[in-house]
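First up is the structure itself, then whatever we jot down about it.
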Amino acid sequence: MATLLGSESPWTGGKRSSRNIIAKITHSQIAGQGFSRGTQLPEALLQERDKRAKWHGIPELLQKLRESSHPNSDLSHTHSVLKELSSLLSMEAMSFVTEDRKSAQESTFPNTYTFDLFGGVDLLVEILMRPTLTMQKKKPQMNDDLVKDCLSVLYNCCICTEGVTKSLAARDDFVLFLFTLMTNKKTFLQTATLIEDILGVKKDMIQLEGIPNLSGLVQSFDQQQLANFCRILSVTISEPDVRNDDKHTLLAKNAQQKRNASPSRAEVNQVTLLNIPGFIERLCKLATRKVSEATGASNFLQELEDWYTWLDNALVLDALMQMATEEAEHSSTESSDESSMATSPLRHRLPQSMKIVHEIMYKVEVLYVLCVLLMGRQRNQVHKMLAEFRLIPGLNNLFDKLIWRKYTSSDHVVHGQNENCDCSPEISFKIQFLRLLQSFSDHHENKYLLLNSQELNELSAISLKANIPEVEALVNTDRSLVCDGKKGLLTRLLAVMKREPPDSSFRFWQARAVESFLRGATSYADQMFLLKRGLLEHILFCIIDSGCKSRDVLQSYFDLLGELMKFNIDAFKRFNKYVSTDDKFQTFMTQINSSLVDSNMLVRCIVLSLDRFESQTEDVKVVEVLSECCLLSYMARVENRLSFLFRLVNVINVQTLTQENVSCLNTSLVVLMLARRRGKLPFYLNTLREKEYAEKYPGCLLNNFHNLLRFWQRHYLNKDKDSTCLENVSVLALLCPKRENQIYFLQKILCRDANLPLLGDIHSFDLRIGHSHELCRSVKRKYVWGGGLTKYAECVTH
């Protein structure tokens with residue numbers, strides 16, 4: 001059919017008989033087929049504009065690429081055109097990787113921007129997915145090199161041109177199609193890198209169960225592919241970062257949970273992974289496999305220092321390793337490769353220790369996935385498998401040779417511009433290792449796998465000497481699954497922790513890892529095990545004498561000190577011996593008072609321990625320490641407790657409560673609970689009321705605290721991780737083991753009616769509460785909120 005443009009239309013792929021843009025626009029108005037891409041413009045116009053805009057012939061090359069890539073065409077010509085395009089784009093991508101990550105914009109990367117502007121990205125997606133659109137039973141096969149180049153060009157566009165990654169992420173069909181390309185080892189690396197970039201910006205998290213034959217795909221991976229696949233998995237199993245402090249408040253979290261009652265996609269994806277046969281076992285093998293010593297490990301750290309600033313992501317490093325592998329396949333001997341590499345410049349050769357760097361990067365990704373799974377809802381299932389596959393003994397065997405090598409003090413210093421920088425592979429590996437230990441030990445009986453058999457015997461001996469029963473978890477520990485060698489993993493960690501310099505980036509994570517071993521039901525034997533190794537003196541040195549200014553590090557040390565000293569009279573005796581002067585004690589108290597959000601866990605420990613010791617006056621040792629310890633004497637004074645209570649209530653409100661500062665509310669509850677047990681609750685509440693009037697702001701303290709308590713109850717009604725933590729170490733459970741007494745205390749604080757009898761003696765600090773949800777529901781059903789603390793302070797008499 002004839003048209004204004006002749007017998008062949010410009011969007012049919014045939015020759016263009018008209019070079020007039022006006023004629024094409026007129027045709028689009030008549031036929032209803034407008035321009036859909038820039039390459040449909042007349043060739044003469046594109047060539048003329050190319051000279052002025054400096055497009056480097058990219059639009060014309062895209063025209064050739066489209067014409068040569070139609071179905072059933074010879075794709076060899078397509079590949080040659082793509083290579084020509086790739087050469088124009090690759091240098092821009094390399095400059096982005098090796099320089100300071102400039103913002104992606106037209107002026108910075110003109111070639112990549114032009115490629116996308118004229119439909120290059122959509123065309124490559126079409127070429128890649130074309131085999132899936134055919135109706136033929138036998139699918140046409142594309143050349144592996146062509147697929148690799150298509151993927152590489154797409155990745156270059158993603159990192160250099162703003163919006164390309166998001167547009168690809170919006171195409172669910174393309175994202176799922178990419179996973180099918182991972183079955184081919186030759187295209188795996190490029191596919192994995194592109195998927196990782198796309199999933200990082202995807203608005204809705206992908207559902208792993210939607211990937212065709214995911215189980216078979218994962219089982220087909222070799223160990224190197226599985227390690228790289230963990231980079232993708234890390235995006236799919238982690239809850240998205242909202243990057244807004246307001247969204248992190250517990251108030252916002254409660255509102256979000258009401259909107260999203262069902263499990264999140266990240267939680268569903270975790271379950272999907274755990275259902276893949278052999279998945280966790282293979283990750284454990286990857287995490288614990290040894291690195292060959294034949295790669296020249298002596299120069300490892302120095303070379304790593306030179307390389308990590310350039311090789312700051314797995315993409316470049318994996319690409320170099322692949323290049324080296326391909327070159328080795330064409331080389332006659334391994335020695336000739338080493339000889340040629342040794343004579344080339346640093347930037348054009350792989351250093352001798354590259355295999356070690358590669359292994360470290362693999363382990364970072366694997367440890368991260370294991371850590372996330374350990375913190376998920378399937379924690380007990382994951383714990384059982386990690387123990388069975390001997391993850392902890394394997395990491396213990398790697399500790400001295402790989403995880404924490406011997407190096408000079410300069411290598412401890414934080415890299416980058418701030419103390420949170422973890423861009424070095426070496427630093428990332430250590431931090432991820434410490435995070436894994438923290439997640440593994442926290443409130444779980446498997447924590448004793450961090451010790452060896454001799455150390456477990458030492459714990460038993462401590463319990464026997466103190467004439468107390470062994471902890472049940474210790475008795476039930478399978479000795480065949482504990483650490484090997486002369487030292488367990490916890491003991492090795494303590495050794496490097498004490499050697500860590502003041503400006504180290506690892507202090508925070510080391511303290512958190514050790515603290516997690518102590519968390520849960522207080523164990524005197526566990527505390528003494530660590531006290532014998534000088535941990536308390538090390539912590540006090542860091543708080544008082546080291547000049548540490550980091551609030552995060554100080555908070556981690558305060559929390560660790562609280563767990564180490566809780567109810568332990570020997571720890572308080574050691575404390576008093578170290579803090580032997582008024583200057584040291586004042587420095588210590590200044591650190592505590594400088595930020596109660598950071599130190600309130602230690603304050604809670606002191607208050608609870610003092611109450612325990614005051615009920616043990618028949619013990620001569622306890623009486624001696626009570627009379628001599630400056631810290632216990634300080635907390636025994638009512639005016640000091642009230643001072644802490646004032647500030648704890650003032651530092652938070654319902655709108656600012658987060659997971660970080662909610663402990664202040666729990667500590668204030670402990671102070672008031674103990675006051676009630678001693679018949680001092682009316683005095684404390686009246687003192688708070690007097691403080692309000694002195695500040696000429698009646699109700700500011702008590703009304704705020706009343707609102708906090710009501711929110712506290714509503715928040716822990718939700719069956720999530722927070723309520724699990726509450727059940728493990730509930731402040732109500734610490735002081736009110738019996739459920740009836742817990743109801744009584746909440747009622748007495750929140751309501752005016754206080755006629756319930758007090759049932760039984762409250763003396764146990766270590767029992768767990770298993771029915772906190774039912775407790776809160778019972779309180780809400782049985783009693784009407786109202787009255788408030790201000791009125792209560794005026795009327796309560798008992």
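The values are calculated or read from the model by the stated rules, or taken from the named source; none is laboratory data. None of these values were measured; they are calculated from a predicted model. All Cβ positions, even for glycine, are placed from backbone atoms using ideal geometry, and neighbour counts span all protein chains on display. SASA here: full protein model, heavy atoms, side chains in, ligands and nucleic acids out. Shrake-Rupley method; radii C 1.70, N 1.55, O 1.52, S 1.80 Å.
Which members of segment 157-188 meet the condition of being assigned to a loop (DSSP other than H, G, I, E, B) and under 22 Å from D145 (Cβ atoms)?
The answer is M182, T183, N184.
Return only the number of the condition from (1) in contact (Cβ under 8 Å) with a residue 12 or more places away in the chain; (2) open to solvent by 50 Å² or more (accessible area, probe 1.4 Å) that R492 does not satisfy.
R492 satisfies all of (1) in contact (Cβ under 8 Å) with a residue 12 or more places away in the chain; (2) open to solvent by 50 Å² or more (accessible area, probe 1.4 Å) except (2).
Sort out which residues of segment 532-564 are surrounded by fewer than 19 Cβ atoms within 10 Å (Cβ to Cβ), within 29 Å of the chain's Cα centre (by Cα) and either free of Cβ contacts under 8 Å to residues at least 40 places away in the same chain or closer than 19 Å to V471 by Cα (or both), and write them in order of number.
K549
Just checking, which of D552, D559 is modelled with pLDDT under 95 and not in a loop (DSSP other than H, G, I, E, B)?
Every option except D552 fails the conditions.
Please list, ordered by residue number, the helices (runs of 4 or more DSSP H) wholly in segment 606-688 having 1 or more residues that are closer than 17 Å to L596 by Cα and either touching an Asp or Glu at 6+ places or on another chain (Cβ under 6 Å) or at pLDDT 90 or above (or both). If you could, list the steps in order and put the result at the bottom.
Numbers: elements: 620-628, 630-636, 638-650, 662-677.
Filter on segment 606-688 gives 630-636, 638-650, 662-677.
On the basis of being hydrophobic (A, V, I, L, M, F, W, C), in a loop (DSSP other than H, G, I, E, B) and either open to solvent by less than 30 Å² (accessible area, probe 1.4 Å) or in contact (Cβ under 8 Å) with a residue 40 or more places away in the chain (or both), does M129 make the cut?
Judged against the criteria, M129 is not a match.
Got a number for residues in segment 370-384 being assigned to a helix (DSSP H, G or I) and under 12 Å from A266 (Cβ atoms)?
So the count comes out to 2.
Are there any pairs with C-beta distances below 6 angstrom linking a residue in segment 595-621 that is over 25 Å from Q555 (Cα atoms) to a residue that is in a helix (DSSP H, G or I) and open to solvent by less than 10 Å² (accessible area, probe 1.4 Å), with the two at least 6 apart or on different chains, and if so which?
F613/V622; Q616/V622
Is it the case that L82 is part of a helix (DSSP H, G or I), open to solvent by less than 10 Å² (accessible area, probe 1.4 Å), in contact with an Asp or Glu (Cβ under 6 Å, 6 or more places away or on another chain) and modelled with pLDDT of 80 or more? Steps first, answer last, please.
Details: part of a helix (DSSP H, G or I): yes; open to solvent by less than 10 Å² (accessible area, probe 1.4 Å): yes; in contact with an Asp or Glu (Cβ under 6 Å, 6 or more places away or on another chain): yes; modelled with pLDDT of 80 or more: yes.
Taking the combined requirement at face value, the residue satisfies it.
Listed here are the residues, each with its yes/no results for (1) open to solvent by 10 Å² or more (accessible area, probe 1.4 Å); (2) β-branched (V, I, T).
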residue: V164; (1), (2): no, yes
residue: L176; (1), (2): yes, no
residue: T187; (1), (2): no, yes
residue: L208; (1), (2): no, no
residue: L233; (1), (2): no, no
residue: K253; (1), (2): yes, no
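State whether the residues of segment 199-206 include one that is in contact with a Phe, Trp or Tyr (Cβ under 8 Å, 6 or more places away or on another chain), within 18 Å of E365 (Cα to Cα) and open to solvent by 10 Å² or more (accessible area, probe 1.4 Å).
As a first pass, look at segment 199-206 and keep what is in contact with a Phe, Trp or Tyr (Cβ under 8 Å, 6 or more places away or on another chain): none.
Scanning segment 199-206, I find no residue that is in contact with a Phe, Trp or Tyr (Cβ under 8 Å, 6 or more places away or on another chain), within 18 Å of E365 (Cα to Cα) and open to solvent by 10 Å² or more (accessible area, probe 1.4 Å), so the answer is no.
Can you list residue pairs whose Cβ atoms sit under 6 Å apart, with the first residue in segment 135-161 being under 14 Å from L124 (Cβ atoms) and of a type in the set (V, I, T) and the second being open to solvent by less than 20 Å² (accessible area, probe 1.4 Å) and at pLDDT 90 or above? Count only pairs 6 or more apart in sequence or on different chains.
Sorted first by the residue in segment 135-161, then by its partner, the pairs are V147/T187.
Among what's in segment 210-229 and is open to solvent by 20 Å² or more (accessible area, probe 1.4 Å) and assigned to a helix (DSSP H, G or I), pick the residue that is modelled with the lowest pLDDT. Walk me through how you get there before you give the answer.
Initially, segment 210-229 is screened for residues open to solvent by 20 Å² or more (accessible area, probe 1.4 Å), giving 210, 212-213, 215-216, 219-220, 222-224.
Keeping just the survivors that are assigned to a helix (DSSP H, G or I) gives 210, 215-216, 219-220, 223-224.
On the way: G210: 92, S215: 95, G216: 95, Q219: 94, S220: 94, Q223: 89, Q224: 86.
That would be Q224.
Looking only at helices (runs of 4 or more DSSP H) that lie completely in segment 458-531, which have at least 3 residues being within 25 Å of the chain's Cα centre (by Cα) and at pLDDT 95 or above?
Because the criterion is at least 3 residues that are within 25 Å of the chain's Cα centre (by Cα) and at pLDDT 95 or above, the helices (runs of 4 or more DSSP H) in segment 458-531 that meet it are 489-499, 507-518.
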